[in-house]
There are 2 protein chains.
Amino acid sequence: MGNNFLQELIIPAQTKIAMIIMDGLGGLPLEPGGKTELETAHTPNLDALAEKSALGLTVPVSPGITPGSGPGHLAIFGYDPLHYEVGRGVLEALGTDFDMGPNDVAARGNFCSIDASGLLTDRRAGRIPTELNRELAALLQTIKIDCVEFFIQTIKEHRFAFVMRGPGLGDALTETDPQTIGVPPLPVRPLNLDSEKAALIVDQFIQQARTLLANKHPANMILLRGFAKYPKLPSFNELYGLRSAAIAVNGMYRGVAKLAGMQLLKVEGDTPADEFTTLEKSWKDYDFFYLHIKKTDTCGESGDFTGKVRAIEEVDALMPCLMALHPDVVIVTGDHSSPALLKSHSWHPVPALLFSRYVRADGIPEFGERACSRGSLGVIPAKDMMPIAMANALRLAKYGA
Amino acid sequence: MGNNFLQELIIPAQTKIAMIIMDGLGGLPLEPGGKTELETAHTPNLDALAEKSALGLTVPVSPGITPGSGPGHLAIFGYDPLHYEVGRGVLEALGTDFDMGPNDVAARGNFCSIDASGLLTDRRAGRIPTELNRELAALLQTIKIDCVEFFIQTIKEHRFAFVMRGPGLGDALTETDPQTIGVPPLPVRPLNLDSEKAALIVDQFIQQARTLLANKHPANMILLRGFAKYPKLPSFNELYGLRSAAIAVNGMYRGVAKLAGMQLLKVEGDTPADEFTTLEKSWKDYDFFYLHIKKTDTCGESGDFTGKVRAIEEVDALMPCLMALHPDVVIVTGDHSSPALLKSHSWHPVPALLFSRYVRADGIPEFGERACSRGSLGVIPAKDMMPIAMANALRLAKYGA
């Protein structure tokens, strides 16, 4: 990623950078010729900021590629998402504030329902209450196999994070979720020699879990997928010489920030307003703030165009709280696009706004996909945003004589 | 840099390319919402040319990176500045028209003043007259150590270029300038094993210099910094199949052109008008002209917004001299930005104009940062400009069948 070269240019400064990530921000018009979610939203504060900013579009992974949340976030944090891979299991485990280590293999777990013949009847065990999940997780936590430790972290409803810790565990394992009902869970299979031991252990774990849960219908079985080891990611704070803090209420986004070595801040409540309040309270203690808004993506993925518009407007209304802190650099963008039209993540470049006293402002008084496509940042790899933000924060020295 | 692939496509042609580099051209408005230096300047000739040109913004090194003059120039000449490094000492030495070779290590030298206890009292020796510098340089030239040759080239006032020539000399050496007064000059230290011999020799040289200069106060000592070997740079003429000429009055810019293997033309006088006169006179003898304007950068670095505006207007007024020669391709850009607001080089992309009979003209009748951000060249690496210029000069054959 060439970041060693960047690291050598870092100079100390007192400036502060705020990065507001509206998850899945980029959108599409519902009808050809119409407006996107962002273009539809009434965003007087973002529009006013846009006029004083440089606008552009970011490409998280590479052109045409629809990113998952992991790659999308790595990119906007400045890591090449094709170089650094973060498994979903790892994000899930880190999201529970679990301390993963280099000998750990994590996976996403579901409690599920099977019938007397062992065929799946519900992949989500009727979305059992989170409290029951905690009880059952404690039960699974009693499983002991050889020299391997297990950690079962309740997430919510039927979901949990599964971590096994021990020497010589590979993570090239197939998932046990057949993604359909009426069939038995799949056996876990190793995809390379290094993962054979792990496969055997996961297999034993699942058998013991099935025995322990036998009379716990509807949660009488488990499914595991997204097996992944803890990736070695250079520290964000070391890469950029920043004291960084993450403000996110959803597990996975807390996970990816933790992976980058950011300090996870405690948010009282779970609304965007609560997140901005956390930002205000911690403002003096850090140089860089990553603030994550989930609702834009949730609405995009469920096809709720209007909900996404409202979610954007909610963030717009909070922007004055941020600007009152006089940040030196503000980035507003997303980790990827999630158009309601597609009800999913998409490959579309993501609108991005970069504000600072030293930005060459485009004078475009609108924050929207088409406005951004006319901006002077151009269409750039998302991973270029951090160096540009660092420059605008006057935190990079001249390269070469 | 992938230039081998380009080299294979080169076809002979009679076309001529002129590259006008206004050093530090890119700027910023002094007040938010205002105009940059280039946008403020009255530039009827450049505006008329812009309308018939493709406009864009060039990124010299990579996004967010503020380039020194060396990397900025290498990039616009088509060399990847992250691959080719040119030390300041080398640029200084080459700027004196000194013929550096592969066994040479160069440095920037200052005459300075020390008191009886050897503490620095003036890092620039009261900016002694250039004539005195010449006398003292001749004195230093008498120093002989082992099998090493020394070359001391007067630049002006207190400044000189230092070159040592001999086998086995590394350039990983610390500078002797403590950048402050009241302390002694620093000893030179080797940063790797290959540079230990060079460190010993520099140390002996400095001791002998101190003895020779003992009664020459205020110039009774020297400081050396920016040690660097001659980099191996592929020849510009071979890369592009061009007979190239450089028109620059300042040492360092002559240096970098020489490094690329361009023919340095003698300029009678030192104004932009003198440079354009040189261009006219040599027009028939070369295919490619690099013409460097220093004043835009000098004004930018000293915070002189109006001076930079005037410097741009001075170039604008000279553009008809160039256009009267009917160049096939004209590039007008900078090696980096130097906004008066920042009083320094900056990371901002550089406005660029590319004119030819075959360019897809944007029809934007203005040469300025925001006009260029709307241009069809987009925001591109500076090193891409030369291939585009070559194409527009009809000097590149088709790639592939």
Modelled label-to-label distance, residue B:232 and residue B:135, 7 Å Cα→beta-carbon offset: nm?
4.5 nm
Using protein chains only (no ligands, no nucleic acids) and a 1.4 Å probe, work out which residues of segment A:381-401 have their accessible area cut by at least 50 Å² relative to the chain alone.
A:398, A:399, A:401
For every other residue with a beta carbon closer than 12 angstrom to the beta carbon of residue A:203, add +1 if it is Lys or Arg and -1 if Asp or Glu, then tell me the sum.
+2
How large is the Rg to Rh ratio of segment B:151-295 when both quantities use alpha carbon positions and Rh follows Kirkwood?
1.07
Copies compared at residue B:189 - label distances in nm, ascending, label defined 7 Å from Cα in the Cβ direction
6.0
In peptide A:5-18, what is the residue-averaged number of other protein chain Cβ atoms found within 10 Å of each Cβ?
1
Can you tell me what the convex hull of the Cα atoms of segment B:81-174 projects to on average, as an area in nm²?
7.6 nm²
Inter-copy distances for residue A:370, nm, shortest first, label points 7 Å along Cα→Cβ, are 2.0
Proximal lysines to residue A:343, defined as alpha-carbon separation beneath 16 angstrom and excluding residues fewer than eight positions away on the same chain:
A:294, A:295, A:308
Looking only at chain B, where both bridge partners belong to it, what percent of the DSSP beta bridges are antiparallel (to the nearest 5)?
65 percent
Short version: which residues of segment B:61-108 lose at least 20 Å² of accessible area, all chains versus chain alone, 1.4 Å probe?
B:63, B:64, B:65, B:66, B:68, B:71, B:82, B:88
Take the rotation relating chain B to chain A, measure from its axis to every Cβ in chain B, and name the nearest residue with the distance in whole Å.
B:378, 3
Of all DSSP beta bridges with both partners in the protein assembly as shown, the antiparallel percent, nearest 5, is 60 percent
Per 0.36 nm of contour for each residue apart, how much would the distance between residue A:302 and residue A:280 grow if the chain were fully extended, relative to their Cα-Cα spacing?
4.8 nm
What are the ³J(HN,Hα) values, in whole Hz, obtained from phi via the Karplus relation 6.51 cos²θ - 1.76 cosθ + 1.60 with θ = phi - 60°, for each residue of segment B:181-192 in sequence order, with x given for Gly and Pro?
10, x, 10, x, x, 6, x, 7, 10, x, 9, 8
When only C-alpha pairs under 8 Å and at least 6 residues apart count, what is the relative contact order of segment A:234-361, in percent?
20 percent
For the protein assembly as shown, what is the calculated [θ] at 222 nm in deg cm²/dmol (nearest 500), taking -39500 (n - 2.57) for each run of four or more DSSP H residues and dividing by its residue count?
-9000 deg cm²/dmol
Longest chain B segment clear of GluC sites (Glu not before Pro) sitting in DSSP loops (not H, G, I, E or B) with at most 10 other Cβ atoms within 10 Å runs B:9-267
Give or take rounding to whole Å, what are the principal axis extents of the alpha carbon atoms in the protein assembly as shown, in descending order?
100, 62, 59
Given springs between every Cα pair under 10 Å in a Gaussian network model of chain B, which of B:330, B:202, B:163 has the largest fluctuation?
B:202
Leaving out ligands, DNA and RNA, calculate the buried accessible area for the pair A and B with a 1.4 Å probe, summed over both sides, in Å² to the nearest 100.
2200 Å²
Could you list the trypsin sites (Lys or Arg not before Pro) in segment A:216-272 that lie in coil according to DSSP, counting only those with at most 16 other Cβ atoms within 10 Å of their Cβ?
A:232, A:243, A:266
Spin-label pair residue B:193/residue B:13, simplified geometry with 7 Å Cα→Cβ offset, distance in nm
5.1 nm
Expected vector for segment A:158-168, Karplus 3J(HN,Hα) from phi with 6.51, -1.76, 1.60 and θ = phi - 60°, integer Hz, x for Gly and Pro, equals 8, 9, 9, 9, 10, 10, 10, 10, x, x, x
Solvent exposure of segment B:290-401 as accessible area per residue, Å², 1.4 Å probe:
37 Å²
Per q in 0.26, 0.30 Å⁻¹, report the Debye log10 I(q)/I(0) for segment A:56-99, using one uniform scatterer on each alpha carbon and no solvent.
-0.92, -1.09
Taking a ≥ b ≥ c as the square roots of the Cα gyration tensor eigenvalues, with a/c under 1.5 meaning rounded and otherwise prolate when a/b beats b/c, else oblate, which class fits segment A:1-80?
oblate
Checking segment B:301-365 for chymotrypsin sites (Phe, Trp or Tyr not before Pro) in a loop per DSSP with at most 16 other beta-carbon atoms within 10 Å yields B:358
Position residue A:4, label points 7 Å along Cα→Cβ, spacing to each other copy in nm (shortest first, one decimal)
2.3
Within chain A, which DSSP H helices have Cα atoms that stretch 20 Å or more along the helix axis and a mean Kyte-Doolittle hydropathy of at least 0.5?
A:305-323
Just want to confirm a number: the relative contact order over segment A:274-330, from Cα pairs under 8 angstrom separated by 6+ residues, in percent.
39 percent
With all protein chains present, how much of the accessible area of segment A:302-401 (probe radius 1.4 Å) comes from carbon and sulfur, to the nearest whole percent?
59 percent
Which of B:188, B:329, B:59 ends up with the largest GNM mean-square fluctuation for chain B, with Cα atoms connected below 10 Å?
B:188
Please identify, among B:284, B:343, B:383, the residue showing maximal mean-square fluctuation in a Gaussian network model of chain B using a 10 angstrom Cα cutoff.
B:284
In terms of the alpha carbon gyration tensor, root eigenvalues a ≥ b ≥ c, rounded if a/c is under 1.5 and otherwise prolate when a/b exceeds b/c or oblate, segment A:234-384 is rounded
Sticking with the crude label model, points 7 Å out along Cα→Cβ, report the distance from residue B:97 to residue A:208 in nm, one decimal please.
8.5 nm
Quick one: putting +1 on the C-beta of Lys and Arg, -1 on the C-beta of Asp and Glu, what dipole do you get for chain A around its Cα centre, in Debye to the nearest 20?
360 debye
Let me make sure I get this right: for chain B, a, b and c are the square roots of the gyration tensor eigenvalues over alpha carbons, sorted descending. Under 1.5 in a/c it's rounded, otherwise prolate if a/b > b/c, else oblate. Which is it?
prolate
Express the relative contact order of chain B as a whole percentage, based on alpha carbon pairs under 8 Å and six or more residues apart in sequence.
34 percent
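The values are calculated or read from the model by the stated rules, or taken from the named source; none is laboratory data. These numbers come from a predicted model, not from an experiment. For neighbour counting, all protein chains shown are included, and Cβ atoms are generated from backbone atoms with ideal geometry for every residue, glycine included. Please note that ligands, DNA and RNA were not included when accessible areas were found on the heavy atoms of the full protein model with its side chains. Shrake-Rupley method; radii C 1.70, N 1.55, O 1.52, S 1.80 Å.
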